[in-house]
1. Return the FRET efficiency for the residue pair GLU44, LYS68: r is the Cβ-Cβ distance, R0 is 22 Å, and the value is rounded to the nearest 0.05.
2. Please compute the contact order of the chain in relative form: average sequence separation of alpha-carbon pairs under 8 Å and at least six residues apart, divided by the residue count, as a percent.
3. How big is the Kirkwood radius of the range 55-100, worked out from every pair of different alpha carbons and given in Å to one decimal?
4. Please name whichever of MET228, CYS142, GLY205 sits farthest to the positive end of the charge dipole of the range 123-244, dipole taken about the Cα centre and charges placed at Cβ: Lys and Arg +1, Asp and Glu -1.
5. Please give the calculated 222 nm ellipticity per residue for the chain, where each DSSP H segment of at least 4 residues contributes -39500 (n - 2.57) and the sum is spread over every residue; nearest 500 deg cm²/dmol?
6. Specify the residue with the greatest mean-square fluctuation among HIS109, HIS149, HIS204, computed from a Gaussian network of the chain linking alpha-carbon atoms under 10 Å apart.
7. Just the isolated ones, please: cysteines in the chain lacking another cysteine beta carbon under 4.7 angstrom.
8. Using the Cα centre as the reference, give the magnitude of the dipole from point charges on the C-beta atoms of the chain (Lys, Arg: +1; Asp, Glu: -1; all else neutral), rounded to the nearest 20 debye.
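What follows is calculated from the coordinates using simple rules that are stated; it is not laboratory data. These figures come from a predicted structure and were not determined experimentally. Cβ sites come from the backbone with ideal geometry, for glycine too, and all protein chains shown count toward neighbours.
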Amino acid sequence: MRELARRISAARRLTIVTGAGVSAASGVPTFRGPQGLWKSFRPEDLATPGAFARDPQLVWEWYDWRRKLIDGCQPNAAHHAIAAWSRRPGFALVTQNVDGLHERAGTQHVVRYHGSIWNLRCATPCEAGSREWEDRTVPLPCVPPRCPHCGGLARPGVVWFGEGIPEEAARAAQAATACDVFLSVGTSSVVYPAAGLLVEAKRHGAFTAEINPESTAAAGIVDVAIAMTAEDALPQLHRFVESE
């Protein structure tokens, strides 16, 4: 922890990648494991273009439930520690989370790698509806919601399994791998292409670290692996950085 704090303190460019583990303490269910189940469905069976094509009502019931759950959650100590670091020059956050809790904590320079659950876009898409719009209405007045431009079905502004990362987010994340310190927090390191960002940062010569309560595929290649939850580790790490 002390070594990582020294590295962060001296870094001109700090990049952090976060996953579901950062939001778990806020009450947001992780995508994997029993707690991720909803009405006996696995997220992997709902968050796909095919699932939406077969049953948009079912998919939107799940997203409406998630939106209501997330609306009652608050940023935790991990979010606030990252928000504090985001005010320094050369900072970038690449988050796989779609819950928006980083932004609510005040984090700057956020790359939404997998989109936002609060954004919608036309599923067709029509020309006007191809641009996402934010809708924080909870619960949604109409499920499934409709595109305000053409009246067709709207879809969540998130990246589903089998879809590519939005071009702008992919470019920003790739640029952020050219850093001095790369910190992976609360992520399983199994979902690509996000999992490959750490490898790319290491190739650029970054000091790499992982914070996760359980060992992941990245644990064997990082310079430092800290087996702690994000909400316990990051506030401690922040205090060490402040004391440097």
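1. Once the sixth-power term is evaluated, E becomes 0.55.
2. Relative contact order for the chain comes out at 26 percent.
3. On the way: mean 1/r = 0.0773 Å⁻¹.
Roughly 12.9 Å, rounded to one decimal.
4. CYS142
5. Only helices count here, giving -9000 deg cm²/dmol.
6. Comparing HIS109, HIS149, HIS204 in a Gaussian network model of the chain, the most mobile one is HIS149.
7. Taking the Cβ cut-off of 4.7 Å, the unpaired cysteines of the chain are CYS73, CYS142, CYS179.
8. Working: 25 positive and 25 negative charges, 51 e Å.
Its charge dipole is roughly 240 debye.
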